[in-house]
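Encoded as structure tokens, the structure appears first; notes follow it.
The values are calculated or read from the model by the stated rules, or taken from the named source; none is laboratory data. Small disclaimer: the values here were computed from a predicted structure and weren't measured. Here the Cβ is made from the backbone with ideal geometry for all residues, glycine too, and neighbour counts use every protein chain on show. Just the protein is used for accessible areas: all its heavy atoms, side chains included, with ligands, DNA and RNA removed. Shrake-Rupley method; radii C 1.70, N 1.55, O 1.52, S 1.80 Å.
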Amino acid sequence: MLYLVGLLTNYKEVTQIYSRLSKKSQLLKDATKEQEILLKQTRFGSWHYEMTQDYFLLNEGLRELLNLKEDKVSYDQFCGLLESESSKTFKKNFHAFINELTPFEMNLVFKSEGSPKGRSLKIRAEVSEGVHRSKKRFLGLCWDNSKEVEFQRLLLEAKEDAENYAKAKSLFFANMSHEIRTPLNGVLGMVSLLKDTNPNKEQQSYLNTLEASGEGLLIVVNDILDYSKLEAGQVQLEYIPFDPREEVKNIINLFRPISRDKNVQLKWNVCEHSPELLEGEPTRIKQILSNLISNAIKFSNENGTVEVNFIKAKETRPTGLDQYIIEVKDDGVGISPRNQKTLFQSFSQADMTITRKYGGTGLGLSICHSLIALMVGTISLESEEGQGTTFKVVLPLALHTQKAEKEKTSPSLSSALLSQEFPHTILVVEDNTTNQKVIVKTLEKLGYHADVANHGEEALEMTKKRANILIFMDMQMPVMDGVTATKEILKYCESKDLELPTILALTANALEEDRNACIECGMKDFITKPLQRRKLTEVLVEYHPKTLSSNKKAS
């Protein structure tokens, strides 16, 4: 009896265990079904590689993805489904997968009748242990990633398009600069030469108008180029000592003729607490001041007043730098609150009537805003229609502690004395005949004679016959361009152990990459057209052997 009862008790336990197993088995079946449905819906397929028999076992999802009826394919058949390059890549990785148990994931392109480009699938391979730990199972997943691949392709195309657009835009601006500056150099150069011919009052008036128009066009070209440089992130700042009083005074003197013509009073003040020398970017600060003063005069009424202040702020930056405030005030037309919101945006002005009445590109304040941001400063304005406008620029500037030389100025020598004191053998390399006349005649006014080469190859041959030459080299020329000519001239002189000529770029190209190309090839300086007589005088002094020798001793 005891034995029978024990047997019944064991049967009951077995029944309970079986019941639990049945439930778990059903749950597993349900989970497997759900997984298969999920894999189907998400366009997933799975595979299992049987190494002993060398075949892939494909599930229904993968067969659908590959448009196959067979659930088994050999290794060679599987590789045959792939495009050539994908097949090579797969074989290489699958070999490491089987022999070194290295998992992998990659994009593969399968042959497809409906698409000449094939069908892109992503495959992932993993190694797992079977029931017996000694037996390895080779499993994998495949899923349709054609949308991802297409997206990546479109992204790459968009990137290439953007890069091509940036190159095309840069090339356009470079060509535009060259094409406008080249004739502009001729116009302004000839105007300057004509002014030396003792014109009568009427002729002088015409020449002044012509010069002002040419300089106005130059401002437009410079604005567009500056905007392009800022947009491309090509503007680099150079922090050097400068005297704020000198800089403000020079800018004010530059605008005095314009303010007098409009009968606008121009006042300026640099507070006595400002040190003699600061460290900053004087060229860009002058550019900002020039733009703000030009706008203030432009939008002032007749008999109005423009006031410029350079003030040290009371507070300092956390970095310890002092803050300086530049204020430009006018009592002109003012700006409405609505138009103030877009004033610092590119190509915007207060309204179209202002564009028609006063002109301008609408880039000036946008350029100022970007330059000030580069210098970690701020710009703001207060304005009321009919009551005038005040622009306020705040810049962090360091005090210059060491005594520094003041900015170099052109020597106050007459033309004859200049050429006697700083003689040069000069070669002008320029293909444009008008610009040839301008620079040769301008040099003659300063007491110099210059030979002319029409292109780089001529310059190379002429250099072989002379020593100690100062060369003004254009960049864009037929036969041989200026950069190539410079390299060839310096290479020849070095091979013959000759003294190297001083080569200066004199070009209508004005972008940063043009400057870099000229300096990298061996040119000593980069001068943009239109050429100013003051700048020409400076370089004739600066690059004379006597000046170079004294500078070397001083350093």
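Measuring between alpha carbons in the structure, the pairs from K496/K524; K159/K524; K465/K487; K267/K441 lying more than 27 angstrom apart are K159/K524; K267/K441. Every Cα-Cα pair of the stretch 150-210 was included, and the share exceeding 12 Å stands at 75 percent.
Protection proxy ranking for 263-270, 481-488, 518-525, 153-160, using the average of other Cβ atoms within 10 Å per residue and placing the highest first: 481-488, 518-525, 263-270, 153-160.
Any idea what diffusion coefficient the stretch 40-89 gets from Stokes-Einstein, in µm²/s, Kirkwood Rh on alpha carbon pairs, 10 °C, 1.306 mPa s? Don't skip to the answer; put the middle values down first.
Numbers: Rh = 11.4 Å.
Once the numbers are plugged in, D ends up at 139 µm²/s.
Ranked by the mean number of other Cβ atoms within 10 Å per residue, highest first, peptides 249-258, 505-514, 186-195 order as 505-514, 186-195, 249-258. By the rule of a C-alpha distance below 17 Å, with chain neighbours fewer than 8 residues away ignored, the aspartates and glutamates paired with K312 are D243, E246, E247, E272, E276, E279, E281, D322, E327.
Taken along its principal axes, the alpha carbon cloud of the stretch 463-514 reaches lengths of 34, 20, 18 Å, longest axis first.
Over the stretch 269-344, all Cα pairs binned in 5 Å intervals from 0 give whole-percent P(r) values of 3, 12, 18, 22, 18, 14, 9, 3, 0, listed from short to long. Between the stretch 249-267 and the stretch 287-317, the alpha-carbon centres lie 12 Å apart.
Using only the C-alpha atoms, the convex hull of the stretch 57-196 corresponds to 177 Å³ per residue.
Among beta bridges from DSSP that stay inside the stretch 275-331, the antiparallel ones total about 100%.
Give me the net charge for the shell around C493: Cβ to Cβ below 15 angstrom, other residues only, Lys and Arg +1, Asp and Glu -1. Walk me through the numbers on the way to the answer.
Working: positive: K464, K465, R466, K487, K491, K496, K524; negative: E461, E488, E494, D497, E499.
Counting the neighbours of C493, the net charge comes to +2.
Would you mind computing the Rg to Rh ratio of the stretch 411-542 from its alpha-carbon coordinates, Kirkwood style for Rh? A ratio of 0.94. Normalised by 2.2 N^0.38 Å, where N is the number of residues, the C-alpha radius of gyration of the stretch 189-290 stands at 1.37. Any of K491/K529; K72/K136; K249/K314; K249/K546 with alpha carbons more than 21 Å apart? Name them for me. Checking Cα-Cα distances, K491/K529; K249/K314; K249/K546 exceed 21 Å.
Could you look at the stretch 479-555 and say what percent of its accessible area is carbon and sulfur, using a 1.4 Å probe and all protein chains? Walk me through the numbers on the way to the answer.
Working: 1880 of 3970 Å².
C and S fraction of accessible area: 47 percent.
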